[in-house]
Amino acid sequence: MGGPLVLLATLWALGATGAAALRIGAFNIQSFGDSKVLDPACGGIIAQILAGYDITLVQEVRDPDLSAVSALMEQINSVSRHEYSFVSSEPLGRDQYKEMYLFVYRKDAVSVLDTYQYPDPGDVFSREPFVVKFSAPGSGEPPAPAPPRRPASPPLPAPPAAARELVLIPLHAAPHQAVAEIDALYDVYLDVIDKWGMDDLLFLGDFNADCNYVRARDWPSVRLRSSEVFKWLIPDSADTTVGNSDCAYDRIVVCGARLRRSLKPQSAAVHDFQEEFGLDQAQALAISDHFPVEVTLKSR
């Protein structure tokens with residue numbers, strides 16, 4: 001990639017995020033590890049993509065010593081005018097194949113308040129959710145107006161806006177267990193409410209929620225889909241896959257009255273990085289067989 005494509009990638013990284021909104025993405029970067037991040041044709045573009053978000057959930061991270069993640073963070077911070085950090089789960093999986101959930105976030109936009117590994121008492125999940133509570137300073141509800149005071153009173157500083165707190169719940173579902181795992185996210189929802197007393201939650205990730213793994217007849221049995229508490233932002237008609245497949249595997253689901261009000265209209269989308277960076281199909285597939293999915297939250 002060179003010339004105009006470098007400029008295009010840089011403009012994406014520098015201009016995609018802004019103080020007026022919070023842009024959140026989820027990206028299954030197929031078999032992410034040292035070889036991929038150190039390949040100039042892949043690592044640089046991955047860094048540019050992630051630098052366009054305030055928070056990104058990265059899945060299929062196979063990097064137990066965090067060497068690839070460290071190299072990725074250096075690349076992101078070299079292309080962004082903002083500083084990024086990360087928080088990750090331990091390697092998860094029932095057998096020798098392990099993956100980590102990785103959240104990459106912009107430090108001046110959000111901070112990590114708390115994390116926990118869902119205990120999965122029924123052993124439903126192949127990779128149980130690693131739940132993260134974020135705070136977005138200055139992006140919460142506007143403060144209540146101050147009561148009127150006598151003109152002689154000295155001016156008082158305006159109270160700061162309350163920070164928005166939101167919880168991100170990731171899932172990379174095992175393909176042939178996708179129906180059961182997506183349904184079990186309802187139990188995670190109840191667990192988060194019990195633990196933290198809040199319901200402003202975003203579920204996101206590669207749910208494998210389409211094609212051969214979740215069919216139309218399966219949806220009525222999925223509580224996360226049948227309950228009106230949850231709003232699915234990426235439709236069944238979407239194509240979140242690179243190449244010749246056409247499946248809405250990757251999803252974002254929101255709940256909580258405050259969080260739902262803060263959704264920027266029509267901002268939920270699939271980010272076609274192949275088109276964005278002018279790649280052919282082979283180049284795009286070298287990065288991943290999935291496109292990121294994203295949504296933007298308004299600051300007020």
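The values are calculated or read from the model by the stated rules, or taken from the named source; none is laboratory data. Source: prediction; values computed, not measured. Neighbour counts are summed over all protein chains in view; Cβ atoms, including those assigned to glycine, are modelled from backbone coordinates with ideal geometry. Heads up: the accessible areas ignore ligands, DNA and RNA and are worked out on the full protein's heavy atoms, side chains in. Shrake-Rupley method; radii C 1.70, N 1.55, O 1.52, S 1.80 Å.
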Every listed condition ((1) in a strand (DSSP E or B); (2) out of contact with any helix residue (DSSP H, G or I) (no Cβ under 7 Å at 6 or more places or on another chain); (3) of a type outside the set (K, R)) holds for V254 save (2)
Result of the Cβ filter at 6 Å on segment 89-103, keeping first residues that are touching a residue at least 24 places away in the same chain (Cβ under 8 Å) and more than 19 Å from T56 (Cβ to Cβ) and partners that are polar (S, T, N, Q) and assigned to a loop (DSSP other than H, G, I, E, B), at least 6 apart or interchain, is R94/S126
Within segment 22-43, residues being out of contact with any strand residue (DSSP E or B) (no Cβ under 7 Å at 6 or more places or on another chain) and open to solvent by 40 Å² or more (accessible area, probe 1.4 Å) number 6
Counting only residues in segment 254-270 that are free of Cβ contacts under 8 Å to residues at least 60 places away in the same chain and aliphatic (A, V, I, L, M), the one most open to solvent (accessible area, probe 1.4 Å) is identified as A257
From the option list F291, F277, F273, single residue qualifying as touching a helix residue (DSSP H, G or I) at 6+ places or on another chain (Cβ under 8 Å) and open to solvent by 10 Å² or more (accessible area, probe 1.4 Å) is F291
Of the listed residues (A163, A216), the one being of a type in the set (A, V, I, L, M, F, W, C), at pLDDT below 95 and farther than 28 Å from Y97 by Cβ is A163
By residue number, the members of segment 188-207 that are open to solvent by 10 Å² or more (accessible area, probe 1.4 Å), out of contact with any Ser or Thr (no Cβ under 9 Å at 6 or more places or on another chain) and not in a helix (DSSP H, G or I) are G197, M198, D199
Practice item. Look at L185 and say whether it is closer than 20 Å to N28 by Cβ, in contact with a Lys or Arg (Cβ under 9 Å, 6 or more places away or on another chain) and either open to solvent by 40 Å² or more (accessible area, probe 1.4 Å) or not in a loop (DSSP other than H, G, I, E, B) (or both). Key: yes
Taking segment 102-117 and keeping residues touching a strand residue (DSSP E or B) at 6+ places or on another chain (Cβ under 7 Å) and surrounded by fewer than 20 Cβ atoms within 10 Å (Cβ to Cβ) leaves K107, S111, V112, L113, D114, T115, Y116, Q117
Scanning segment 72-84 residue by residue, those free of Cβ contacts under 8 Å to residues at least 60 places away in the same chain, of a type outside the set (G, A, S) and open to solvent by 30 Å² or more (accessible area, probe 1.4 Å) turn out to be E74, Q75, N77, E83
Reported set for segment 199-213 where residues are within 20 Å of D239 (Cβ to Cβ) and touching an Asp or Glu at 6+ places or on another chain (Cβ under 9 Å) is L204, G205, D206, F207, N208, A209, D210, C211
If you go through V69, V87, the only one that is under 18 Å from the mean Cα position of the chain (by Cα), modelled with pLDDT of 95 or more and open to solvent by less than 10 Å² (accessible area, probe 1.4 Å) is V69
Scanning segment 277-300 for residues that are charged (D, E, K, R) and in contact with a strand residue (DSSP E or B) (Cβ under 7 Å, 6 or more places away or on another chain), the one farthest from F203 (Cα to Cα) turns out to be D289
Of the residues in segment 33-61 that are assigned to a strand (DSSP E or B) and without any contact (Cβ under 8 Å) to a residue 60 or more places away in the chain, the one that is nearest to Y105 (Cα to Cα) is V58
Does segment 45-57 contain any residue that is hydroxyl-bearing (S, T, Y), closer than 21 Å to V167 by Cα and modelled with pLDDT of 95 or more? yes
Looking across segment 221-240 at residues that are part of a loop (DSSP other than H, G, I, E, B) and of a type outside the set (A, V, I, L, M, F, W, C), the single one that is least open to solvent (accessible area, probe 1.4 Å) is T240
